[in-house]
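What follows draws every value from the coordinates through simple rules; no lab data is involved. Predicted model only: the values in this text are computed from it and were never measured. Neighbour counts are summed over all protein chains in view; Cβ atoms, including those assigned to glycine, are modelled from backbone coordinates with ideal geometry.
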Amino acid sequence: MKYFTLLILNTTILGNIQAGSIWGGEISYSRDSVNPLRIHLSVNLYSPRHLLQDSILISWGDTSIYSQIQSSNFVGNSIYKNTYKAIHTYSTIPIGGTYSISTINNNRIDGINNIDGGNSINTPFYIEAKINLQHQSVLFNNQSPFFDSLPVFYSYKSLPYEINPNLVDLDGDSLVVESIIPLQDENVNVPAYSFPEQYCIANGAQSNTFNINSYTGEIIWNVPCRIGIYSIAMRISEFRNGNLLGSIMRDQNIYVLANPNSILQLSADDLTVSPNPVTTTLTCSLTDLTTIPTLQVFSIEGKAITETIPATQTKTEIDVSHLPAGLYFLVVQDEKQRAVRRFVKQ
């Protein structure tokens with residue numbers, strides 16, 4: 001059997017992920033080219049569930065309106081990008097010139113290390129944007145910055161971590177990136193939050209540093225200290241000719257996995273599962289059978305769902321029609337190796 005380094009996500013981490021939970025999200029907007037008081041909004045919520053929910057409630061600052069989902073696309077690593085779009089026209093410029101636009105959802109994932117001691121399941125997920133309508137001539141045709149990357153990152157315990165989230169501003173405006181405490185409502189921080197370096201030091205690390213570049217949003221963590229999920233949030237403020245145009249917010253997670261040197265290995269090309277997502281029958285394909293491995297489906301809690309099935313042929317079908325919708329693992333192993341593939345049951 002051919003070999004490769006397989007990224008197996010720690011089951012303790014994934015055991016806390018619910019199918020309808022939000023893994024991360026962001027909000028962005030653009031100013032209408034005809035009416036400067038008309039705003040085009042885009043909200044992206046990421047989850048392991050296709051069509052996370054039909055609509056979300058958006059607060060525009062002067063009213064609240066439900067926005068229907070526009071698309072739900074699979075973007076890899078069992079993640080769906082659920083996009084909601086809306087258009088709203090303000091009747092007037094408020095005192096101070098700024099409106100706050102936001103959405104809130106009760107489905108934040110559980111088990112986040114640095115929120116409330118890991119009891120994050122009851123902590124709402126909130127993101128917002130602020131737009132300054134005061135400088136109309138300056139703001140005309142303005143588009144807020146946005147991220148050209150997923151808000152779900154993976155790192156390894158005890159190995160230095162660095163990633164650029166690809167922050168983009170098509171208008172060429174000046175950006176200032178600020179690391180903030182994630183929010184559960186307007187001006188309300190999530191409970192008992194620790195920044196990643198604070199969490200590590202509080203849990204025995206002699207020293208730890210975690211930095212976000214104030215211009216690019218690049219994340220540098222010198223030593224991820226513990227396996228688990230870490231929540232971080234950014235506010236990006238946009239300036240033109242010295243005027244504050246507004247800001248956007250992103251709430252994202254870093255998954256710290258076991259050191260890859262300790263992960264078992266199996267060929268990626270030799271092992272596939274399809275379709276993914278699946279509704280009735282999951283097909284496991286093994287293209288290089290030098291042994292007879294066994295297959296078994298597990299829940300995200302680590303509970304065996306099926307009996308072990310010997311893979312005597314290159315393709316083995318598994319009936320999953322009886323399983324509730326959610327995220328599952330197919331474990332493939334022989335006497336020397338073990339590999340895991342994630343799949344989503346719809």
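Suppose R0 equals 30 Å; then what is the FRET efficiency for H322 and N203 from their Cβ-Cβ distance, rounded to the nearest 0.05?
Working: r = 41 Å, r/R0 = 1.36.
The value I calculate is 0.15.
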Phi to ³J(HN,Hα) by Karplus 6.51 cos²θ - 1.76 cosθ + 1.60 over region 60-75, Hz, x for Gly, Pro: 8, x, 10, 6, 10, 9, 6, 10, 7, 5, 9, 7, 9, 10, 6, 10
Listed residue pairs exceeding 32 Å between alpha carbons, taken from K85/K303; K81/K303; K81/K130; K157/K303; K130/K157; K85/K157: K85/K303; K130/K157; K85/K157
Net charge contributed by nearby residues that have their C-beta within less than 9 Å of I248 (K/R +1, D/E -1): 0
Footprinting exposure proxy for H322, H50 (fewest neighbouring C-beta atoms within 10 Å first): H322, H50
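How do V344, V188 rank when sorted from fewest to most other Cβ atoms within 10 Å of their own Cβ?
Working: V344 20, V188 12.
Ranked by crowding around the Cβ, least crowded first: V188, V344.
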Euclidean distance of C-alpha centroids, region 87-147 and region 206-229, integer Å: 24
Per-peptide average of other Cβ atoms within 10 Å, ordering 211-223, 141-153 highest first: 141-153, 211-223
Inter-label distance for T287 and N122, nm, one decimal - labels placed 7 Å from Cα along Cα-to-Cβ: 5.0
Quotient of C-alpha Rg and 2.2 N^0.38 Å, computed over region 158-222: 1.34
